[in-house]
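Below is one structure, written out as structure tokens; comments come after it.
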Amino acid sequence: MVGGAAARGIRLLVRTRVALLASALGVAALLPGPSAITAWAQPKRAPAGEVPAGGPIAAIRVTGNLRIESTTVRSYMLVQPGSPFDPGRIDASLKTLYATGLFSDVRITRDGDTLVVAVKENPTISRIAFEGNRKINDQDLRAAIQLKQRGVFTPALVQSDRQRILDMYAARGRYSAKVVPKIIRLTQNRVDVVFEIQEGPITLVSRIIFVGNHAFGEGRLREVVDSREQAWYRFLSSSDEYDPERLKYDSELLRRFYLRNGYADFTVTNAVAELTPDRSSFFLTYTVSEGKRYRVSKVVVVNTLRHVDKKLLDNTVDIAAGDWYDGDAVERNVQALTTAVQNRGIGFVQVKPTITRDPKTATLALTFTVGESPRVYVERIDITGNTRTMDKVIRREMRLAEGDAYNETLVRRSKQVLDDLGYFNSVNITQSPGSAADKALLNTAVAEKATGELTIGGGYSTDVGALLNVGLHEKNFIGTGIDAGINAVIAQLESQVSLSVTNPYLFDRNIVGGADIFYVNSNLQYVSEYFERRYGLTLRTGFAYSDHLRQALNYSLVDREVYNVQSTASPYIQAEAGYTLISQVGQTLTLDYRDSTLDPHKGWVTRLGTDVAGGDESFIRAKLDGAYYVPLGSVLGNRDWVLALTAGVGYLWDLSGSTSIVDRFFLGGDNLRGFLDGGAGPHANPPEGATYYADSLGGQFIWTQSSELRFPLPLSPDLGLTGRTFVDIGANSIVPPVYLSNGQKAPLVDIAAPRISTGVGVTWHSPFGLINLDLGIPIVHYLHDQLEVFRVGFGTRF
């Protein structure tokens with residue numbers, strides 16, 4: 001048993017140490033007075049040994065309680081009237097009362113046969129406030145902490161909430177944030193809790209270090225990982241901000257990179273992020289084990305399926321003996337074999353790749369075993385995380401339906417299609433067991449992202465000069481998948497306003513439906529001496545026959561005017577002045593086998609477009625385009641090396657005796673760099689002494705071909721810059737004749753021979769879209785062709 005003086009000494013020592021601990025943790029209590037600040041001490045506890053044992057408890061008296069009922073206090077006691085004075089159970093009761101969090105001090109003493117429980121209640125919280133927070137609003141902070149207004153205050157909760165706030169800032173990349181809780185004591189045992197916050201700057205990655213790498217230098221590996229070292233030009237990117245999830249992703253990117261380059265034994269043994277002592281930045285260290293680089297010694301396809309020709313499977317595999325091992329190629333061949341078998345009506349197929357290494361010779365043998373997979377059907381498709389997008393918008397993009405045979409290839413395709421929608425930050429499709437062994441559940445988890453865009457910007461394009469662009473675009477209108485937008489461009493040489501709406505699933509069918517209302521006013525004085533104005537309505541529809549074949553149909557009613565024709569214009573332009581109204585039906589049939597529609601690296605695409613017009617002008621116009629992409633990444637070690645071969649041919653059949661210049665094909669600009677837009681092809685030929693210019697007239701026939709090598713620049717990939725070198729070829733000819741008052745045909749230059757140009761260019765994948773800079777040198781050109789060595793353009797080339 002501890003004496004009273006000794007017990008008081010122990011309690012004083014405990015209070016002092018707790019006060020120092022609280023002060024170190026940053027908890028301060030502001031007491032009434034101009035500068036009365038003291039540490040808020042932890043609750044004090046009277047030793048249970050002060051209660052002598054012996055005899056039964058006649059009564060339990062509770063003192064000091066103001067808000068809490070005495071019966072409530074007694075209910076927490078492990079002893080009741082009639083129980084013996086047991087120091088062990090009384091001490092356990094003391095701990096139970098403290099564990100409730102309701103009291104800052106509890107003392108249990110004995111007064112004769114009465115057990116006296118003296119409590120001091122924890123304060124209630126009158127107000128919770130946050131000061132200094134700008135990056136996280138009060139509402140989000142309040143939702144994260146455990147302390148609540150009119151709730152009970154405890155120092156433990158304050159410290160827990162302080163850490164929660166620090167964790168919130170750390171999740172936003174601000175590891176140097178500081179949070180100091182201040183406790184302001186009020187009357188009636190109440191307190192105000194104020195969290196003083198210093199948010200600090202975002203904690204960036206200052207160094208990325210690789211240990212154990214020999215085959216590739218640090219500079220090359222830094223390009224592979226998604227994390228980036230801090231740099232001034234990354235103000236539009238978050239790649240230099242530390243993210244624990246990105247660290248894991250980087251390890252996977254490194255693994256894929258090494259497997260793609262033949263290192264089948266590669267592992268990331270450790271990935272560590274170290275915070276600098278001043279908490280201002282992180283050092284990322286990746287420790288790797290490369291292993292040997294393997295070549296493929298042989299490739300074998302083992303077929304266990306009936307009615308499937310093994311020769312067909314052998315021809316499907318594109319890996320050969322002597323190739324460096326490529327993990328991506330193995331996966332690609334697994335999918336190719338699976339698709340080849342499924343295309344022959346076998347729904348349940350499984351392709352298992354087996355690798356047999358020979359470390360002595362640094363070779364490995366690949367075996368693809370093609371067999372029947374277990375018969376599993378999709379029982380249910382569950383969709384979660386779509387807080388805005390309707391279920392049907394996601395479900396209609398799934399390449400499997402409930403009741404279908406489970407197909408891993410179609411699951412991957414479904415994920416790709418959902419990613420391509422651009423509605424979600426992430427899409428994850430997982431399989432889980434169903435109600436029976438042959439049934440599976442597909443769990444589709446998505447994370448929504450903002451799909452609305454407000455565009456206010458300016459720039460310069462060679463086609464239209466300086467421009468101002470204002471637009472409002474929503475590609476997932478109220479979660480329905482409808483794409484709607486209004487856009488206006490005001491430029492030196494062209495102004496336009498357009499309103500468009502597109503429903504990708506009209507009537508909930510796989511039919512695209514849309515409409516456009518537009519107004520375009522163009523100043524074409526720089527190539528021909530006239531202005532052109534167009535306004536009208538276009539109705540659109542389309543249908544995807546498969547993932548690769550689709551067709552679009554459209555109807556347009558357009559009023560066109562060629563006006564402000566200069567007095568110095570040629571007779572060909574003078575004859576164009578006035579209004580024409582056309583009613584036009586068009587279609588485009590597209591066959592697309594590219595790996596990406598926005599940034600293709602391999603595959604091909606071809607389009608056939610036809611237009612039939614009536615009204616003031618009658619004609620049939622047809623255009624066939626194609627592109628083929630040859631990936632050079634496996635040869636040159638970087639997937640950004642691509643050879644793009646494009647070609648096109650078009651013809652316009654005149655059904656009314658004369659075609660308007662508005663409807664003809666023009667050569668130059670994007671389809672023939674090095675020449676002004678419309679600057680190559682037929683031109684009026686002013687006779688000697690004439691006052692008019694060599695106006696560009698366009699032609700009824702056109703063909704183009706471009707060979708372009710795209711390559712990475714020796715700069716940080718974060719800048720979004722890629723280079724190219726190109727050779728463009730094209731020709732434009734056939735103009736309906738115009739006759740002078742003397743009955744003679746007005747002179748013109750209509751040379752059907754091809755024009756040729758070559759040059760280099762740079763594409764910038766900027767936050768504002770694609771910006772193209774091209775330096776084109778005309779190699780072959782003819783009389784009156786208008787040249788343009790330097791070109792600035794927006795968007796992408798076909």
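Odds and ends about this structure:
- Members of region 613-624 found to be open to solvent by less than 40 Å² (accessible area, probe 1.4 Å) and out of contact with any helix residue (DSSP H, G or I) (no Cβ under 8 Å at 6 or more places or on another chain), listed by number: 614, 618, 622
- Per the conditions (1) outside any strand (DSSP E or B); (2) crowded, with 17+ Cβ neighbours inside 10 Å; (3) out of contact with any Gly (no Cβ under 9 Å at 6 or more places or on another chain), the sole criterion not satisfied by residue 282 is (1).
- Answer from 389, 367, 361, 356 - the residue that is modelled with pLDDT of 90 or more and buried (at least 18 other Cβ atoms within 10 Å of the Cβ): 389
- Those strands (runs of 3 or more DSSP E) of region 700-798 in which at least 3 residues are more than 25 Å from residue 631 (Cα to Cα), considering only elements entirely within it, cover 701-712, 721-733, 769-780, 790-794.
- When region 460-471 is limited to residues that are open to solvent by 30 Å² or more (accessible area, probe 1.4 Å) and within 25 Å of the chain's Cα centre (by Cα), the one that is nearest to residue 673 (Cα to Cα) turns out to be 469.
- Listed by position, the strands (runs of 3 or more DSSP E) contained in region 349-443 that have at least 2 residues being of a type in the set (Asp, Glu) are 377-384.
- Of note, residue 598 does not satisfy the criterion of being among the hydrophobic types (A, V, I, L, M, F, W, C) and without any contact (Cβ under 8 Å) to a residue 40 or more places away in the chain.
- The one condition in (1) touching a residue at least 40 places away in the same chain (Cβ under 8 Å); (2) surrounded by fewer than 19 Cβ atoms within 10 Å (Cβ to Cβ) that residue 715 fails to fulfil: (1)
- Hits in region 242-279 (condition: touching a Phe, Trp or Tyr at 6+ places or on another chain (Cβ under 8 Å), part of a helix (DSSP H, G or I) and open to solvent by 60 Å² or more (accessible area, probe 1.4 Å)): 255
- Residue match in region 427-447 (condition: at pLDDT below 90 and in contact with a Ser or Thr (Cβ under 7 Å, 6 or more places away or on another chain)): no
- Taking residues in region 253-275 that are more than 14 Å from residue 286 (Cβ to Cβ), and partners anywhere that are among the β-branched types (Val, Ile, Thr) and in a strand (DSSP E or B), the pairs with Cβ atoms closer than 8 Å and at least 6 places apart or on different chains are 264/355.
- Residues being farther than 26 Å from residue 588 by Cβ and open to solvent by 20 Å² or more (accessible area, probe 1.4 Å) - total across region 532-572: 8
- Residue 330 being buried (at least 17 other Cβ atoms within 10 Å of the Cβ) and more than 32 Å from the chain's Cα centre (by Cα): no
- Residue in region 303-320 that is assigned to a loop (DSSP other than H, G, I, E, B), at pLDDT below 90 and touching a Leu at 6+ places or on another chain (Cβ under 6 Å) present: no
- For region 442-450, the criterion of a residue being of a type in the set (Gly, Ala, Ser) and surrounded by 17 or more Cβ atoms within 10 Å (Cβ to Cβ) is satisfied by no position.
- For region 188-212, filtering for residues that are open to solvent by 30 Å² or more (accessible area, probe 1.4 Å), among the polar types (S, T, N, Q) and in a loop (DSSP other than H, G, I, E, B) leaves 2.
Let's see how each residue does on (1) in contact (Cβ under 8 Å) with a residue 24 or more places away in the chain; (2) in a loop (DSSP other than H, G, I, E, B):
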position	(1), (2)
143	no, no
148	no, yes
220	no, no
239	yes, yes
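- Some residue of region 141-148 being more than 34 Å from the chain's Cα centre (by Cα), within 19 Å of residue 191 (Cβ to Cβ) and crowded, with 20+ Cβ neighbours inside 10 Å: no
- Of the listed requirements (1) acidic (Asp, Glu); (2) within 47 Å of the chain's Cα centre (by Cα); (3) surrounded by fewer than 20 Cβ atoms within 10 Å (Cβ to Cβ); (4) part of a loop (DSSP other than H, G, I, E, B), residue 677 misses just one: (3).
- Among residues of region 285-324 being of a type in the set (D, E, K, R) and touching a residue at least 12 places away in the same chain (Cβ under 8 Å), the one that is surrounded by the fewest Cβ atoms within 10 Å (Cβ to Cβ) is 318.
- Among the candidates 651, 628, 579, residue that is in a strand (DSSP E or B), closer than 30 Å to residue 260 by Cα, open to solvent by 60 Å² or more (accessible area, probe 1.4 Å) and touching a residue at least 12 places away in the same chain (Cβ under 8 Å): 628
- Of all residues making up region 92-138, the number that are in a helix (DSSP H, G or I), hydroxyl-bearing (Ser, Thr, Tyr) and open to solvent by 20 Å² or more (accessible area, probe 1.4 Å): 2
- Test for residue 161: is it exposed (fewer than 14 other Cβ atoms within 10 Å of the Cβ) and in contact (Cβ under 8 Å) with a residue 12 or more places away in the chain: no
- Matching residues, region 472-531, being under 30 Å from residue 561 (Cα atoms), open to solvent by 30 Å² or more (accessible area, probe 1.4 Å) and among the charged types (D, E, K, R): 494, 516
- Among residues of region 508-540, those that are of a type in the set (Ser, Thr, Tyr) and in contact with a helix residue (DSSP H, G or I) (Cβ under 9 Å, 6 or more places away or on another chain), counted: 2
- Region 702-734: number of residues that are under 30 Å from residue 622 (Cβ atoms) and touching a helix residue (DSSP H, G or I) at 6+ places or on another chain (Cβ under 7 Å): 0
- Subset of region 435-453 [within 22 Å of residue 391 (Cα to Cα) and among the hydrophobic types (A, V, I, L, M, F, W, C)]: 440, 441, 442, 445, 446, 447, 450
- Of all residues in region 58-84 being in a loop (DSSP other than H, G, I, E, B) and small (Gly, Ala, Ser), the one that is least open to solvent (accessible area, probe 1.4 Å): 83
The values are calculated or read from the model by the stated rules, or taken from the named source; none is laboratory data. A quick note: this is a predicted structure, and the numbers were derived from the prediction, not measured. For neighbour counting, all protein chains shown are included, and Cβ atoms are generated from backbone atoms with ideal geometry for every residue, glycine included. Calculation scope for accessible area: heavy atoms of the full protein, side chains included, ligands and nucleic acids excluded. Shrake-Rupley method; radii C 1.70, N 1.55, O 1.52, S 1.80 Å.
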